[in-house]
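Below is one structure, written out as structure tokens; the observations come after it.
The values are calculated or read from the model by the stated rules, or taken from the named source; none is laboratory data. As the structure is a computational prediction, the values presented were derived from the model and not from experiment. Backbone-built Cβ (ideal geometry, glycine too); neighbour counts: all protein chains shown.
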Amino acid sequence: MRRPIFAANWKMHKNRREAAAYVRELLPRVADSDGVEIVLAPPFTALEAVAAALAGSAVALAAQNVHPAASGAFTGEIAPGMLADLGCRFAIVGHSERRALFGETDAFVSSKVAALLEAGLRPIVCIGETLEQRDAGRTFEVLETQITGSLADLPSDRAGELVLAYEPVWAIGTGRSATPGMAQEAHAYIRGRLTADFGEAGAGIQIQYGGSVKPENAAALMAQPDIDGALVGGAGLEAESFSKIIHFEAQEGSS
Ligand code: PGA
């Protein structure tokens, strides 16, 4: 049985004060959410403030990125052990913004996956096709390439620690979510691939959907058999809307 996992990716938003205020607002709202995993991914600069505000709660801390080396001359980068030291239990890798804006390749993502596991953190690995790729009928081919490349260094006995996030690039930050049917089709394909590669551990990997998840569409997405939670950007910036997504509650009066 896969536990649903909801992660808020704050991207480049919130200072320490705003971050701590969010956590104070979120925790009472999710106190009854025993059956799900909840993850917050603030910017690096707010990790320590969020860790302090989360102390004693079951909500987990994540980084939005990591460098694969343990230490060294990598100006501006952060090592997995430094994130573990701050209390991070997860790190997002391969987000489409990093792939598109910062030139990250599947091979680089794969080295991050291995380094995170080595340091005791769980990777949230993002994959997803662009609109051009979908329109050209290449969605599965793109997902196949990203899965193979981004997980090339994953030790098969650690596959169960992974989280995968299917995030169609055209749905991120656009307000245009994939329909539940489209998302399920991609998730089923990904599930098949992970099961073929990693057997039972692969079948048990949690697969999040990401891309314009909101309180209004969360329930229909989460009802799909292969969708195990969400990676939430915009709607994860407010504790109220993120907690509604966690509870699959549609906002009153919305369509
Ligand atoms: P969005 O972002 O929810 O704002 O579409 C999702 C993401 O980038 O992970």
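Brief remarks follow.
- When restricted to residues that are within 15 Å of I127 (Cβ to Cβ) and crowded, with 21+ Cβ neighbours inside 10 Å, segment 177-190 contains 5.
- Remark: pairs (first residue in segment 106-132, polar (S, T, N, Q); second residue assigned to a helix (DSSP H, G or I); Cβ separation under 6 Å; 6+ apart in sequence or on different chains) = S110/S150; T130/V169.
- Per-region count, segment 73-105, residues closer than 23 Å to V232 by Cα, without any contact (Cβ under 8 Å) to a residue 60 or more places away in the chain and loosely packed, with under 14 Cβ neighbours inside 10 Å: 4
Per-residue answers, yes or no, for (1) closer than 27 Å to Y166 by Cα; (2) under 17 Å from the mean Cα position of the chain (by Cα); (3) surrounded by 14 or more Cβ atoms within 10 Å (Cβ to Cβ):
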residue: P4; (1), (2), (3): yes, yes, yes
residue: W10; (1), (2), (3): yes, yes, yes
residue: V30; (1), (2), (3): yes, no, yes
residue: L40; (1), (2), (3): yes, yes, yes
residue: S71; (1), (2), (3): no, no, no
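- Residues that are within 11 Å of the ligand (Cβ to nearest atom) and outside any helix (DSSP H, G or I), drawn from segment 95-108: H95
- Scan of segment 120-136 for residues that are touching a helix residue (DSSP H, G or I) at 6+ places or on another chain (Cβ under 7 Å), under 16 Å from R158 (Cα atoms), part of a strand (DSSP E or B) and of a type in the set (A, V, I, L, M), ordered by number: V125
- Residue check, L117 part of a loop (DSSP other than H, G, I, E, B) and of a type in the set (A, V, I, L, M, F, W, C): no
- Residue in segment 83-94 that is nearest to the ligand (Cβ to nearest atom), counting only those that are out of contact with any helix residue (DSSP H, G or I) (no Cβ under 8 Å at 6 or more places or on another chain) and in a helix (DSSP H, G or I): A84
- Whenever a residue of segment 27-54 is modelled with pLDDT of 95 or more, its partners that are basic (K, R), lying with C-beta atoms within less than 6 angstrom and at least six residues away or across chains, give the pairs E37/R3; A46/K14; A46/R16; A49/R16.
- Qualifying positions in segment 177-189 - within 16 Å of the ligand (Cβ to nearest atom) and farther than 15 Å from V232 by Cβ: T179, P180, M182, A186, H187
- Residue in segment 196-209 that is at negative phi, surrounded by 20 or more Cβ atoms within 10 Å (Cβ to Cβ) and either within 11 Å of the ligand (Cβ to nearest atom) or among the hydroxyl-bearing types (S, T, Y) (or both) present: yes
- Residue match in segment 230-245 (condition: modelled with pLDDT of 95 or more, more than 16 Å from the ligand (Cβ to nearest atom) and not acidic (D, E)): no
Listed here are the residues, each with its yes/no results for (1) of a type in the set (A, V, I, L, M, F, W, C); (2) farther than 24 Å from L143 by Cα.
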position: P4; (1), (2): no, no
position: A8; (1), (2): yes, no
position: L27; (1), (2): yes, yes
position: L61; (1), (2): yes, yes
position: P80; (1), (2): no, yes
position: L101; (1), (2): yes, no
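- In summary, W170 fulfils each of the numbered conditions (1) within 13 Å of the chain's Cα centre (by Cα); (2) within 11 Å of the ligand (Cβ to nearest atom) with the single exception of condition (1).
- Matching residues, segment 124-160, being of a type in the set (D, E) and buried (at least 19 other Cβ atoms within 10 Å of the Cβ): E129
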